[in-house]
1. At a threshold of 8 angstrom on Cα-Cα distance, excluding pairs fewer than six apart, so keeping six or more, what relative contact order does segment 14-107 reach in percent?
2. Does a label point 7 Å from the Cα of Ala207, set along Cα-to-beta-carbon, have any residues of segment 153-183 with amide nitrogen under 14 Å, and which are they?
3. Could you check how much of the accessible area of segment 251-333 is carbon and sulfur, as a whole percent, using a 1.4 Å probe?
4. For segment 273-334, what ratio Rg/Rh do Cα atoms give with a Kirkwood hydrodynamic radius?
5. Local charge sum around Pro222 (other residues, Cβ-Cβ under 11 Å, Lys/Arg +1, Asp/Glu -1)?
6. Give the percent of DSSP beta bridges with both residues in the chain that are antiparallel, rounded to the nearest 5.
7. Normalised by the number of residues in the chain, what is the relative contact order in percent for Cα pairs under 8 Å and 6+ residues apart?
8. Between Asp282 and Lys117, what FRET efficiency follows from the Cβ-Cβ distance if R0 is 22 Å, with the result rounded to 0.05?
Amino acid sequence: MNDASPAWWHHEPTLRRVVGDLLAAELALARPGRPPAAPPWPGSCHLVQDLGADSLELLAMSSALAEALQLRGAASDARLLAQPVLDQWIAAARAGLASAGAHALTFRTSGSAGTPKRCTHALATLWQETRVLAGLLPGRRRMLSAVPAHHIYGFLFTALLPRALGIDDVIDLRSAAPASILDMLRPGDLVVAHPGWWEALARLRPAFAQDVAGVSSSAPCPDPLAEELAGAGLRLLQVYGSSETAGVGWRASGGAPFTLLPYWQRVDDAPELVRRMPDGLDARYPLQDKLEWSDARQFRPAGRIDQAVQVGGTNVFPGYVAEVLRMHPDVLDAAVRPMRPDEGRRLKAFIVPRAGHGGDPAGLCEVLAAWVGARLATAERPAAWTFGERLPRQASGKPADWIIDAG
């Protein structure tokens, strides 16, 4: 396996996936509630005429592309805005990457307050991780992906890992029906997905073909789900990490602790890790989660430090969603929490209506659903609503959980 970082952008399908997924995500972010058609888009797709992007959305898309791929220069910006056709933007990205050397990429966390964090990683460090992951997944001959390629997880596994494994065929599963996916699988396949996708597939009670491997990341994979998939014949690798750190650890069975990737070291009594970089120097990275350590190399995640939760693989902040709900003139107070495992995997909201607005919960529910639909991303929108005269509290006065209204 070559130690040098690959010129991944020379592989046309890979560059097309990364650019297409990035532009689709940026356009969806610019107009909540009106997402564009899901990629892949044809190369002739005109971002204005076919997708309806206005001048501000076009500017946001070009800026996002330049930021992610580290494209620089007024000439690049002018070329993108003057020729808003997907093939032209891909050509501009390729030229910019080739001229700049593409030494780093910038990924964004899924910020809930409109200001997602930007996380820049040197390509050499991403390739360092990819080489380790390739050693954990030998014998793969084909890749099937249910994740976007512009997030760090998708980029590592669907842009870089195929280069390390010598895989040229990456099949997009996002628009495929679950039943058809099971018919597609064959020995040597690697399926890249997130826990919500694996959960949907598990409902079909699959029997996997021999020597099919899977990867799950972006959110915790429940132990019962991992065990069910293993019982159906899937070899599932779970990867723990974040946009800030990239991959940190891995495990091959549900319930087991994660093992640090070999270049990471634990820091005692500090919420951070030390990484041995490809140049031999050490760098410190703050952690996003509390970790419970079994020994110097093995750990279990124990909750977010920043109080974010994950819905469908996306970081969301329930406190921010509650703030958006309190902005509505009919809402006196609001609380938002993730559902309990027996309730679902979305957010739920408890609403205290203002005086005179609590007599029609169904009507207020419809109004508030439209309110958040225009202001929040899909993962941030509560999927269950409860109404009451005061927010639930424990005897101590601390906020308490509540049971979702059956009706």
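The values are calculated or read from the model by the stated rules, or taken from the named source; none is laboratory data. Remember, it's a predicted structure, so these values are computed and weren't measured experimentally. FYI the Cβ positions are ideal-geometry reconstructions off the backbone, even for glycines, and counts take in every protein chain you see. SASA here: full protein model, heavy atoms, side chains in, ligands and nucleic acids out. Shrake-Rupley method; radii C 1.70, N 1.55, O 1.52, S 1.80 Å.
1. RCO, segment 14-107: 31 percent.
2. Once the point is set 7 Å along Cα→Cβ of Ala207, 183 turn out to lie under 14 Å by backbone N, inside segment 153-183.
3. Percent of accessible area from carbon and sulfur atoms in segment 251-333: 49.
4. 1.21
5. Cβ neighbours under 11 Å give a net charge of -3.
6. In the chain, approximately 65 percent of DSSP beta bridges are antiparallel ones.
7. It comes to 10 percent, rounded to a whole number.
8. Efficiency at R0 = 22 Å is approximately 0.45.
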